[in-house]
Structures are given as structure tokens and as C-alpha cells.
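The values are calculated or read from the model by the stated rules, or taken from the named source; none is laboratory data. Note that the structure is a prediction, hence the values are computed from the model and not measured. Note that we place each Cβ from the backbone using ideal geometry, even for glycine, and neighbour counts take in every protein chain shown.
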Amino acid sequence: MFYAAATPPRLLTLVLLTGLSTLSLNMFLPSLSNMAADFQVDYALISLSIAGYLAITAVLQLIMGPMSDRLGRRPVLLAALAVFTLASLGCALASDIWAFLAFRVFQGAVISGWALSLAVIRDTAPPQEAASRIAYVSMAMAIAPMLGPMFGGALDQAFGWRASFFAFFVMGLAALALCWLDLEETNTSPSKTFTTQFRAYPALFRARRFWGYALCTTFSTGAFYIFLAGAPLVATAIYEMPPAMLGFCMGTITAGFMFGSFLSGRFARRHALTTMMIAGRIVACTGLLAGLALLMTGITHVSLLFSATVFVGIGNGLTMPSSNAGALSVRPHLAGSAAGLTGAQTVGAGAALTPITGAILTAHNGAHVLLTIMLLSSLTALTAALYVRWAERREGRGHSGAIG
């Protein structure tokens, strides 16, 4: 049933898998109020379909990554997509909130579409080429959040909230068929036993360069999570921005990420991973520093806030494809485990940084503090990138960009 890869899967297949894993988080968000009314529960309870989903995806990445190192990418992805498809149907047919939330937990299996797509790319390409391909796949993570809620809102208005989950069911079937036909096995040297694999983990955990790459990814994304948590408060409380304009302005950081990812796709294959990472961190920090400097001179227009934060999006697009490729390249035979661990760490950091931001920000200190916290996160990521550059040069690998 599961054969070794004869040719790499098409990049479009990985892009679609990544897009589906992102859509599953936010496509139904416009329906939350209608769902709460239909199930006759408080909004806080139905919102567990978001918070609980994020928590379970962090745990699942820790499980699915190692499983794909042992069993292969193809069987784990096919099984995960089958679970997601059936769970989507369960959500659509759920008669009470607890059944819905239970099926929603199983929907989290689709996160394998993102985590294992990274591992598949690393299986089939050297580090710098992998960074270029990851950049193009990452663009799907930018497009899906922009289009998903629009599509979900239209489905809800036309057919009710359950239509979004029937759509997930159809998408899951399509993704399952696509992977069956196109996603041949790329892990050509799986671990012989789980015991053998577990014995190899300390080599990954002790690899300081892996943690440098992973922390660079984590705190680059952390600045984005901080933005999501703080920008609405700053824009509404200080600048009295209407919701429609706020939605447009918050999309600018995503547009910046798309542009940065496009640049990574063009240039990552010709430059060392750390060069792209550091360049992205410099772009992000420079934009935030300039924004803070202008705020301190008394310029407080709302366009200043979003002009500064768009550089975070561009910088993340430049940095993260290379930092992800690097994390998966330190121990290539454990690429799935590395992808899962990095993804879980990133989600966990986002879950921690979001409430911290909400607790620190007020209507009085909003703009200055928001940019400062984002800058601290971006500087931490820059420090991690510089550490990796130092470590690679110390080991004599800084010129090639190859890792392990």
C-alpha cells in the first residue's frame, strides 16, 4: 500500500495541505455567535472550539512528527486526513455542544498538513532549496486566513453555520484523494523501531543549533501573536478605528508576510539560511524601532502603527522559511520530530504571549507598549539567528549553508 517515493510530490499538493490546516482554524469564526445561539450556550463555551483546538494541535504535532519518522510521512498524513474528514462530518451533524467540541478536537489532526509538509520538503531537497520551497508553501498560510472567514461567512449566511463543516468534510475527502494519488513516501530511511528512534532523540535535543533555529521561528511568530492580541485594543481605544477599517489594517501584516515569503522563494536558494534569517530579523526590528522613534517625537497617527508592524510581516516571511528548514536539517533523519517540536513550541509560545500582551496593554500606553513588546520578541529571534550563525561558523559550515 505504501511505496517509497519515485518522484517528489507536487508543491501544489503541499500548498493545499497547508491551506487546509489553516482554514480549519478560522473559516468558521464568523459563525461563532450563531453557533452559540443554536446550541444555547454562552459565547465563552463555544470559543473553546478555538482555544482547545490550538492546544490539541500543539500536542498532536509532538505525536505526529515522531510517528512520521518511524512509519513514514504518507501513512501518517493519510490517517490524519481520514480522521479530520470524519470529524468534520461529526461537527456538522453534532446535536449538542459537547459532541461538537469532541469532534472539533479530532479535527485538529489536520495540523499534520502543515507540520509534515515541512518534513516532506526537507526529505526531498537540501536545506537552502527546502527554504525556498517552504517560502512558497508559507504563502498559503497567509492567503487562507484572509479568504477563509469570508468564505465561511458567506456559507453561514446562505446555508447556516453547519455548511462550513460540511465544506470541511468535502475538502477533507478531496485532500485525502489528492494525497493518495500524489503524495508518495519521502521518508526513505525510517527508524527500524520506536525504541531505536527514541534513542536518537537526545541527539536532537542536545543540538544547540536546532534550538537556535526553533527559537528564531518561535519568537518571530511570537511578534505576530502579540500584534493579533494588542492591535485591536490600540486601534479602537486610542484611534477609534471602525471595525471594517481595523480588519483591513490588520491584514497588512499578513500581506507583508506574503511579500517576504515571495522574496524568500526567490532568494533563499542562493543564500545561506542564516543570511536570510538575519536579514528578516533586521527588517522587522528596523521597522519597529522606526515606529517607536516617531511615536516618541509626537507623531501618533494610526498609519504609523500599521506601517511599523507591516515590517514584522515582511521580516517573518524572510526569516521563517529558512529557520524552519534549518531546524529540520540539523538531524535530517528526525525531520518529522523536529517539525513537530518546533510547531508545538511556536503554538505554545503564542498561547503564552497572547494573554501577557492583553494584561500589559492599556488604553493609555497601548501604541508604545505594543511596539516595544513586538520589538523584544523580534530581538530575541535575532539573537537566536546570530547564535546559529556563530555556531555554524565555529563548526566550519557557515559558507555552504548546509547543515548536517
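Computed quantities for the displayed model
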read-out	value
Sole residue being of a type in the set (Lys, Arg) and at pLDDT below 85, chosen from 331, 394, 281, 389	394
Selected residue (criterion: surrounded by the fewest Cβ atoms within 10 Å (Cβ to Cβ)) from residues of segment 48-75 that are in a helix (DSSP H, G or I) and in contact with a strand residue (DSSP E or B) (Cβ under 9 Å, 6 or more places away or on another chain)	75
Out of 227, 169, sole residue that is in a helix (DSSP H, G or I), touching a Cys at 6+ places or on another chain (Cβ under 9 Å) and either in the same structural domain as residue 338 (by TED's automatic domain parsing) or buried (at least 17 other Cβ atoms within 10 Å of the Cβ) (or both)	169
Residues within segment 295-312 that are within 15 Å of residue 365 (Cα to Cα) and assigned to a helix (DSSP H, G or I), tallied	4
Pair list, Cβ under 7 Å, 6 or more apart: segment 57-76 residue farther than 22 Å from residue 180 by Cα, other residue surrounded by 24 or more Cβ atoms within 10 Å (Cβ to Cβ) and not small (Gly, Ala, Ser)	57/111
Members of segment 91-133 that are aromatic (Phe, Trp, Tyr) and touching a Leu at 6+ places or on another chain (Cβ under 9 Å)	103, 106, 114
Test for residue 339: is it surrounded by fewer than 16 Cβ atoms within 10 Å (Cβ to Cβ), in contact with a helix residue (DSSP H, G or I) (Cβ under 8 Å, 6 or more places away or on another chain) and modelled with pLDDT under 95	no
Candidates 45, 78 - the one that is part of a helix (DSSP H, G or I) and within 21 Å of the chain's Cα centre (by Cα)	78
Residue check, residue 289 assigned to a helix (DSSP H, G or I), of a type in the set (A, V, I, L, M), under 14 Å from residue 379 (Cα atoms) and touching a residue at least 60 places away in the same chain (Cβ under 8 Å)	yes
Filter pass, residue 113 being farther than 26 Å from residue 24 by Cβ, of a type outside the set (S, T, N, Q) and surrounded by 22 or more Cβ atoms within 10 Å (Cβ to Cβ)	no
